[in-house]
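I have placed the structure first, in the form of C-alpha cells, so that the comments after it can refer back to it.
The values are calculated or read from the model by the stated rules, or taken from the named source; none is laboratory data. A quick note: this is a predicted structure, and the numbers were derived from the prediction, not measured. We place every Cβ from the backbone using ideal geometry, glycine too, and count neighbours over all the protein chains shown. Calculation scope for accessible area: heavy atoms of the full protein, side chains included, ligands and nucleic acids excluded. Shrake-Rupley method; radii C 1.70, N 1.55, O 1.52, S 1.80 Å.
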Amino acid sequence: MSRRISIVGGGMVGASLALALQPQARQRGWRIELIEAQPPASGALQPSFDARSTALSHGSRLLFERLGVWAGVQAEAAPEPIRQIHVSDRGHPGVTRLHAEQERVPALGYVVENAQLGRALLGALDERVVQWQAPARVVRAEPARTGWLLQVEQDGQLHEQATDLLVLADGGRSGLLEQLGIHRQVRPYGQTAIIANITSSQGHAGVAYERFTESGPLALLPMSAGRSALVWTQPEAQAEDVMALSDAAFLHALQDAFGFRMGALKRVGARHSYPLSLIEAEEQVRTGLVVLGNAAHSLHPIAGQGFNLSLRDVMALADTLSGAASDQSPGELALLNGYLQRQRQDQQQTIAFSDGLTRLFSNRRPVLAAGRNLGLLGMDIVAPLKSVFARQAMGLKG
Ligand SMILES: Cc1cc2nc3c(=O)[nH]c(=O)nc-3n(C[C@H](O)[C@H](O)[C@H](O)COP(=O)(O)OP(=O)(O)OC[C@H]3O[C@@H](n4cnc5c(N)ncnc54)[C@H](O)[C@@H]3O)c2cc1C
C-alpha cells in the first residue's frame, strides 16, 4: 500500500529528512511531499537558507556521509574545517583549547554557509520519490480517520491533501503548532544575536573562537576565503544601538571585545539580528504527527548545537520508520513514540549543555566568573573532562 509522508517546511531540517527517507521511499513505494512556503530560487531566502552560516559538528559530517550527500556539500558549500576551538573569558585568564588531532578526528567541525548547504541538500532530492511543492503554504492541518488532512495554499488556490504522516519542520515561528494546541515553553534569554561575516589581517588559521564578554558570548567561526562568521550576543536593550553603528565603529567595538587573536579586524559584511529564546514544544509526537527542528526545539546559537541536534533527530526518525512492518503505517503512534524515546535523552542532554553554557557565560556574578575560569583552566589541564566537552561539541555521544 502506497503511503504518503508530508513534510511542512523545506528548510535545512525538512530537506534533510526528505533525503534521509529517500532510500526507504524507493524501496517501499512511499511518496514524500516537501511543502515550502518560500519560492526556492526567488532570492527571498528561506529562514534556514538565509545569510547565516552553520557549524556542522564532526558527527553531522558522518551523518551526511551516511546520506551520501557529503561529497555534494563539499562541492557546493566548500565547508571550512575547524581545526581548533579556543574558549576564553574576557578579562580573565582561563582558556580552553580543543584540538582536532587530540580528539583524533580530521576536524572538530565544519562551517558552511546556509544558502550553499541548502543548494546541496535540495540538489540531492530524488524527484521520483520526493515531490517538492514551493511556494506552497500549509494553512491548516486536522486529524482525519486515517492520518491527517492538510489545506494547502498554492498559486492563490486552496486545495486539500491527505497524508499518513505529517512532519512539522516549519521552524521557530510555527503557526501550525498553535493551531493544533501544542504549547511551546519559551524562556527568553533577553539577548539578541548579531551575525555578520568578518575579515581580519591575520585570518583564522582554522580556529573557532568562543569568547565570553560583559555584553554576552561571542563566536567567530572560520569560513572559506579567510573570512570568519561572527555570532555576537548582545543584551536586547543594546542590540539596536550596536546594529546601528557604522562599519568602522562596529569593528572597533568588536575588536575591543574580542582582542587581537586574529590581528586587526578589517571588514564586516551585512549584519542581521535574531532575538534569542530557548523554546521547547511540549508535545513532539501524536498519531500521524511528528514535530522536528526549530519547531520542536530552538536553542541559543552560541554552542552551535541546534541544527546538529535536529539532524540526529532526523536520522533517528528515518531509522525508526525504516523498521516499520510492511503493513504498518508510518504514522502509527507506537512507532513515533519509539522515535521520541530514542532521541529524548540526546535532546535533553544537548539542550542542557547549550543552555547551561550560555547561562554560565552570560552571568557576570564574581563567584560564577571565578568558577567558570577555574573550569576553563581545569578543562585545559584535565584531558578526560575536556574530551567530554569536545564530544558534546562535536555532536558525538558517549
Ligand atoms: C544566529 C544563528 C546561528 C546558528 N548557528 C548554528 C550553528 O552553528 N550550528 C547549529 O547546529 N545550529 C545553528 N543554529 C540553529 C539552526 O539555524 C537551526 O537549528 C535551523 O535553522 C533550524 O532549521 P529548521 O528547518 O527547523 O527551521 P527554519 O530554518 O525556520 O525553516 C522552516 C521552514 O519552514 C517554512 N514554513 C514555515 N511555515 C510554513 C508553512 N505553514 N507551510 C510551508 N512552509 C512553511 C519556512 O519558509 C522555512 O523555510 C543557529 C541559529 C541562529 C539563529
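Counting other C-beta atoms within 10 Å, and keeping those with at most 13, which DSSP coil chymotrypsin sites (Phe, Trp or Tyr not before Pro) do you find in segment 89-182? Intermediate values should be presented prior to the final figure.
Details: sites: 110, 132, 148; in loops: none.
Qualifying residues, ordered by number: none.
How many Å³ per residue does the convex hull of the Cα positions in segment 246-327 occupy?
Numbers: hull volume 12.2 nm³, N = 82.
Hull volume over Cα atoms, normalised by residue count, gives 148 Å³.
Measuring with a 1.4 Å probe in the full set of protein chains, what accessible area per residue, in whole Å², belongs to the chain?
Details: 17010 Å² over 398 residues.
Here the residues of the chain average 43 Å² of exposed surface.
Roll a 1.4 angstrom probe over the protein heavy atoms and tell me the percent of accessible area of segment 77-166 that is carbon or sulfur.
On the way: 1940 of 4410 Å².
Looking at segment 77-166 in its full context, I get 44 percent from C and S.
Pick from 181, 11, 203 the residue whose mean-square fluctuation is largest in a GNM of the chain, springs joining Cα atoms under 10 Å.
181
Nearest 20 debye, what's the magnitude of the dipole of the chain about its Cα centre given +1 on Lys and Arg Cβ and -1 on Asp and Glu Cβ?
Values: 37 positive and 36 negative charges, 182 e Å.
So the magnitude is around 880 debye.
Charges on Cβ only, +1 for Lys and Arg, -1 for Asp and Glu, centred on the Cα centroid of segment 16-155; of 147, 34, 116, which one is farthest towards the dipole's positive end?
Projecting each Cα onto the dipole axis, the largest value belongs to 147.
Compute the angle between helix 366-381 and the longest alpha-carbon principal axis of the chain, please, reported from 0 to 90 degrees and rounded to the nearest 10.
For 366-381 against the chain, the angle is about 80 degrees.
What percentage of all Cα-Cα pairs in segment 88-136 are separated by more than 14 Å? Show your work: numbers first, answer last.
Numbers: 865 of 1176 pairs.
For segment 88-136, the share of Cα pairs beyond 14 Å comes to 74 percent.
Is there a quick way to get the dipole size of segment 107-196? I mean about its Cα centre, with the Cβ of Lys and Arg at +1 and of Asp and Glu at -1; what is the value in debye to the nearest 20? Working shown, then result.
Values: 8 positive and 10 negative charges, 67 e Å.
In total the dipole reaches around 320 debye.
Which ³J(HN,Hα) values, rounded to whole Hz and listed in residue order, are derived for segment 325-339 from phi using the Karplus coefficients 6.51, -1.76 and 1.60 in 6.51 cos²θ - 1.76 cosθ + 1.60 with θ = phi - 60°, glycine and proline given as x?
5, 5, 9, 8, 6, x, x, 4, 4, 4, 5, 5, 5, x, 4
Amide H neighbours of residue 95 under 5 Å, at least 5 residues apart or on other chains, H built in the peptide plane: list them.
377
Just from its helices, what would the mean residue ellipticity at 222 nm be for the chain, if runs of 4 or more DSSP H residues each count -39500 (n - 2.57) and the sum is divided by every residue, rounded to the nearest 500 deg cm²/dmol?
Taking each H run of at least 4 residues, the total per residue is -11500 deg cm²/dmol.
Only loop residues by DSSP count here, and only those with at most 16 other Cβ atoms within 10 Å; note down the GluC sites (Glu not before Pro) in segment 205-313 that meet that. Walk me through the numbers on the way to the answer.
Details: sites: 210, 214, 236, 240, 280, 282, 283; in loops: 214, 282, 283.
Hits after loop and neighbour filter: 214, 282, 283.
Under a GNM of the chain (C-alpha, springs under 10 Å), which listed residue has the highest mean-square fluctuation: 82, 182, 198?
Looking only at 82, 182, 198, the largest GNM fluctuation is found for 182.
Using Cα pairs closer than 8 Å and at least 6 residues apart in sequence, work out the relative contact order for the chain, in percent.
Details: 825 pairs, mean separation 81.9, N = 398.
Value for the chain: 21 percent.
Let's test this: bin the Cα-Cα distances of the chain at 20 Å from zero up to the farthest pair and state each bin's percent.
27, 56, 16, 0
With axes computed from alpha carbons, what is the tilt in degrees of helix 12-28 against the longest principal axis of the chain, rounded to the nearest 10 within 0 to 90?
It is inclined by approximately 40 degrees.
Please determine, in degrees from 0 to 90 and to the nearest 10, the orientation of helix 306-322 with respect to the longest principal axis defined by the Cα atoms of the chain, where the helix direction is its Cα long axis.
Its long axis makes an angle of about 30 degrees.
What is the distance in Å between the Cα centres of segment 68-144 and segment 303-320?
One Cα centre to the other: 11 Å.
Select from 325, 316, 120 the residue whose mean-square fluctuation is largest in a Gaussian network model of the chain (Cα-Cα springs shorter than 10 Å).
Result: 325 has the largest fluctuation of those listed.
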